[in-house]
Amino acid sequence: MPAAPDSQTPATFSDLTRERPFMRLWVARLFGTAASQMMMVAIGWHMYELTASAWDLGLVGLYQFVPALLLALLAGHVVDRRHRGRIVAACFATQGAVALVLLLAVAFGHDTRTLLLGLSLVLGAVRAFQMPAQQALTPLLVPPLMLPRAMAFSSAGMQGAIIGGPALGGLLFVAGMGVVYGASLAFFVLAAALVLRLRYGHTAPPREPVTVATVLAGVDFIWKRKPVLGAVSLDLFAVLLGGAVALLPIYAKDILNTGPWGLGLLRGAPAVGALAMSILLTRRPVERHVGRTLLLAVGVFGLCMVVFGLSRSFVLSLIALAISGGADMVNVVIRQTLVQLETPDAMRGRVSAVNSIFIGASNQLGEFESGATAALLGPVGSVVLGGVGTVIVALAWFRLFPSLAQRDRLVRPG
């Protein structure tokens with residue numbers, strides 16, 4: 001168990017790296033996230049090779065989203081009742097089993113469309129448990145004063161894996177699809193083994209029956225805690241209105257006239273900005289005026305979307321997307337840290353599950369909103385309107401959630 005700090009002096013980055021359980025989880029998530037990214041690239045390519053159908057590519061994503069949505073609240077209840085480290089390890093192991101099945105299917109020629117869609121359902125169900133378990137586990141591994149740095153450092157690692165995982169998968173494709181699945185299997189096994197070695201204080205909660213009230217307790221908790229409700233709903237509306245990912249192919253082809261290579265750079269620009277900002281926040285976390293900083297970060301994100309929507313310069317568009325990624329990372333780190341610190345440990349799984357529903361649904365609905373408004377207003381009108389809407393939401397939250405806007409520190413003095 002991490003020792004509680006004996007003062008209110010913020011922990012340093014070197015202090016964080018000495019927290020061995022946290023670092024073990026960090027390395028495990030790095031390998032697990034890279035493996036997941038590699039496998040998803042491989043499954044998408046695999047499906048297109050088998051069917052040459054864009055519809056089937058969309059079904060792969062849908063088959064993962066639906067079980068993650070349906071199981072999220074139940075998964076949160078399980079996370080609050082069971083050993084979180086073992087849940088995360090089981091999730092990595094299950095994904096490793098999926099990679100093994102795909103590897104054997106390729107080797108023996110039994111790979112089919114039905115198999116890929118069925119395994120996509122499994123991956124979606126796993127995601128429902130893995131996301132809240134990981135989020136609820138981190139506060140148990142570091143002292144509260146160290147949590148902002150821990151969240152930023154975790155985000156830096158995950159962004160690196162999100163950028164590097166698909167690139168590594170693409171390189172391994174040269175040696176064959178089975179090699180990608182084999183590498184993913186090895187990474188998942190390593191991640192599961194690392195998490196199984198985690199040691200932290202765990203007290204089993206008293207047994208209670210699974211009821212509608214216990215499953216929905218996370219929703220009730222968020223509704224009654226206005227700072228938490230404000231932070232979670234702010235992210236929901238920011239992603240719902242401000243996302244432009246679905247329209248990037250149109251910008252690359254018809255507006256910026258760059259083609260596929262430009263699309264790749266545009267897709268990667270927000271992740272690069274997010275990675276740079278997460279590294280900065282690891283070294284220099286936000287310590288004062290966190291509520292105002294959160295709202296301003298969302299406003300900057302919206303302004304970047306307006307600039308991107310109006311830009312006809314490829315370089316300016318890349319800069320706007322990179323800054324938007326950095327602003328969004330400020331939002332992510334402050335919001336996740338605030339939610340974890342405001343939530344009792346016995347509720348963290350269920351609250352994290354509700355948060356994951358908001359994030360997943362807003363991503364999917366955000367893409368739909370972008371496409372629908374683009375059909376009515378054109379791609380430029382869609383992106384600009386979404387950016388303006390995000391700025392308006394950030395300004396409105398100053399008045400609607402004053403307890404959030406006036407929050408000075410993440411860790412309350414005590």
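The values are calculated or read from the model by the stated rules, or taken from the named source; none is laboratory data. These numbers come from a predicted model, not from an experiment. Cβ sites come from the backbone with ideal geometry, for glycine too, and all protein chains shown count toward neighbours.
Odds and ends about this structure:
- When Leu50, Leu62, Leu57, Leu69 are screened for being outside the structural domain of Leu280 (by TED's automatic domain parsing) and modelled with pLDDT of 85 or more, only Leu50 passes.
- Residue in segment 381-388 that is outside any helix (DSSP H, G or I), among the polar types (S, T, N, Q) and on the phi < 0 side of the Ramachandran plot present: no
- Looking across Val60, Val41, Val27, Val98, one residue alone is part of a helix (DSSP H, G or I) and either touching a His at 6+ places or on another chain (Cβ under 7 Å) or surrounded by fewer than 17 Cβ atoms within 10 Å (Cβ to Cβ) (or both). It is Val27.
- Filter pass, Leu121 being surrounded by fewer than 22 Cβ atoms within 10 Å (Cβ to Cβ), in a helix (DSSP H, G or I), touching a Phe, Trp or Tyr at 6+ places or on another chain (Cβ under 8 Å) and of a type outside the set (S, T, N, Q): yes
- One residue stands out among those in segment 124-148 that are part of a helix (DSSP H, G or I) and β-branched (Val, Ile, Thr): the one that is surrounded by the most Cβ atoms within 10 Å (Cβ to Cβ), which is Val126.
- Qualifying residue in segment 114-131 (condition: outside the structural domain of Arg350 (by TED's automatic domain parsing), of a type in the set (S, T, N, Q) and in contact with a Lys or Arg (Cβ under 9 Å, 6 or more places away or on another chain)): no
- Hey, Arg149 farther than 30 Å from Leu50 by Cβ and of a type in the set (Lys, Arg) or not: yes
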